[in-house]
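The structure appears right after this line, and notes come after that.
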Amino acid sequence: MSATLAAKQRTPVRPARVLLHTFLVVTSLAWLAPLLWALYAALRPYAETSEKGYVSWPDKLSLDNFTDAFQQSDMLHYFGNTLLIAVPAVLVTLFLSSCVAFYVSRFDFRVNLFLLLVFTAGNLLPQQVIITPLYRLYLLVDLPGITVSGKLYDSALGLVLIHVAFQSGFCAFVLSNYMRSLPHELTEAALVDGASVWRLYWQIVLPLCKPAMAALATLLSIWIYNDFFWAIVLISTGDNMPITSALNNLSGQYFTDPNLVAAGALLTAIPTLIVYFALQRQFVSGLTLGANKG
């Protein structure tokens, strides 16, 4: 009798759900295929793939390409360059954008909406449009004693500033929407108790925005870490390049080992995976909390 009731209560499999799961599986495999293929190539020696081709059964799988890629590209040095750029850029961007978001979301002024639009409009400007005047500006700004090059050009500071300028608008927009979902009674009660504006921001509103800040920190870390355009334009000295440019050291003038390059590319992706998995819970909660609120 119980088996009959369980069979009746069992939800029938709908064709739409089967199609949905099929689509999700196919899409996941399509996204994973290049990564798995790069891993397969990186584990094989170049001599074997040049003889048999990449679509063949391997005779030997080893980590030699990963070791050679790490050593030949001086990857540890370029990891340090990237940290010198990404960490300050993420922290400064989150701080400045949270200040703007706090102002436009917790105070009613005529210019607060216009200010938010100005910050957001900066993301609509293509990077390629301003590259020529920005390049000339970086060459004209002298910073003796502050940067190694003595100029804003060819310095980590120059890359930090351009990342902050381009990412602040998006972060201010996201954080302002998130802060609007917070009860105004919190700040009103703190004002009645005599709290200053800085205390409202730093001790009351900002701690409540940790999920959104974690989500933005994850996105910013990945975007800035993977940047290639600004690094190749605003950096001229090879030793000052970030990790995305270190792969050039694996390419020779007349010959390039694709297996070695694949191993180097996989190594450069490890830090972004570490950041994502470390902040995965906060990242998901930051994307979902406040999604149905104004």
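Membrane-span-like helices in the chain, defined here as complete DSSP H runs extending at least 27 Å along the helix axis by their C-alpha atoms with mean Kyte-Doolittle hydropathy no lower than -1.0, are 15-42, 75-106, 156-180, 258-278; this is a sequence and geometry rule, not a statement about a membrane. If you wrap the Cα atoms of segment 228-281 in a convex hull and average its projected area over all directions, you get 4.9 nm². Between Gln128 and Ala269, the C-beta separation translates, for a Förster distance of 25 Å, into a calculated FRET efficiency of about 0.45. In this label model, Leu117 and Leu76 are separated by 5.3 nm, measuring between points 7 Å along each Cα→Cβ vector. Building the convex hull from the alpha-carbon atoms of segment 108-163 and averaging its projection over directions returns 5.3 nm². Sorting Ser176, Ser221 on solvent-accessible area from highest to lowest, probe radius 1.4 Å, gives Ser221, Ser176.
Using C-alpha pairs under 8 Å with a sequence gap of at least 6, the mean separation divided by the residue count of the chain gives a relative contact order of 27 percent.
When the scattering of segment 155-214 is computed by the Debye formula from its Cα atoms alone, each counted once and equally, what is log10 I(q)/I(0) at q = 0.29 Å⁻¹? Debye curve over Cα of segment 155-214, log10 I(q)/I(0) at q = 0.29 Å⁻¹: -1.14.
For the pair Trp31 and Ala189 in one chain, pulling the backbone fully straight at 0.36 nm per residue adds 51.9 nm over the alpha carbon distance. Ellipticity at 222 nm from helices only: DSSP H runs of n ≥ 4 in the chain, each -39500 (n - 2.57), divided by the residue count, give -21000 deg cm²/dmol.
Rounded to the nearest 20, the Cβ-based charge dipole of segment 142-294 about its Cα centre (Lys and Arg +1, Asp and Glu -1) stands at 380 debye.
Per the Debye formula on identical point scatterers at the alpha carbon atoms of segment 20-115, with no solvent, log10 I(q)/I(0) at q = 0.12, 0.26 Å⁻¹ is -0.75, -1.20.
Tell me whether segment 73-132 comes out rounded, prolate or oblate; compute the Cα gyration tensor, take square roots of the eigenvalues as a ≥ b ≥ c, and use a/c under 1.5 as the rounded threshold. Note, shape of segment 73-132 comes out oblate.
Of the listed residues Ser181, Ser97, the order by accessible area with a 1.4 Å probe, largest first, is Ser181, Ser97.
Among Met75, Ser56, Thr27, flag the residue with its Cα farthest along the positive direction of the charge dipole of segment 8-110, charges on Cβ as +1 for Lys/Arg and -1 for Asp/Glu. Result: Thr27, furthest along the dipole toward the positive end.
In percent, rounded to a whole number, the relative contact order of segment 1-154 is 9, using alpha-carbon pairs under 8 Å and six or more apart. Binning all Cα-Cα separations of segment 45-165 at 10 Å, short to long from zero, yields these whole-percent fractions: 10, 23, 24, 18, 15, 8, 2, 0. Quarter the surface of the alpha carbon convex hull of segment 135-289 and you get the mean projected area, 12.9 square nanometres.
Per-residue SASA remark: Val284, around 70 Å² accessible (1.4 Å probe; ligands, DNA and RNA not included). Counting only Cβ charges, +1 for Lys and Arg and -1 for Asp and Glu, the dipole size of segment 59-193 around its Cα centre is about 440 debye.
Think of each Lys and Arg Cβ as +1 and each Asp and Glu Cβ as -1; about the Cα centre, that makes the dipole of the chain roughly 1340 debye. Counting only protein chain heavy atoms and rolling a 1.4 Å probe, the accessible areas of Arg199, Arg44, Arg106 rank, largest first, as Arg199, Arg106, Arg44. For the chain, the Kirkwood hydrodynamic radius from C-alpha pairs, put into Stokes-Einstein at 25 °C and a viscosity of 0.890 mPa s, yields a diffusion coefficient of 107 µm² per second.
The values are calculated or read from the model by the stated rules, or taken from the named source; none is laboratory data. Quantities reported herein were computed from a predicted structural model and do not represent experimental measurements. Neighbour counts are summed over all protein chains in view; Cβ atoms, including those assigned to glycine, are modelled from backbone coordinates with ideal geometry. Only protein heavy atoms, including side chains, enter the accessible area calculation; ligands, DNA and RNA are left aside. Shrake-Rupley method; radii C 1.70, N 1.55, O 1.52, S 1.80 Å.
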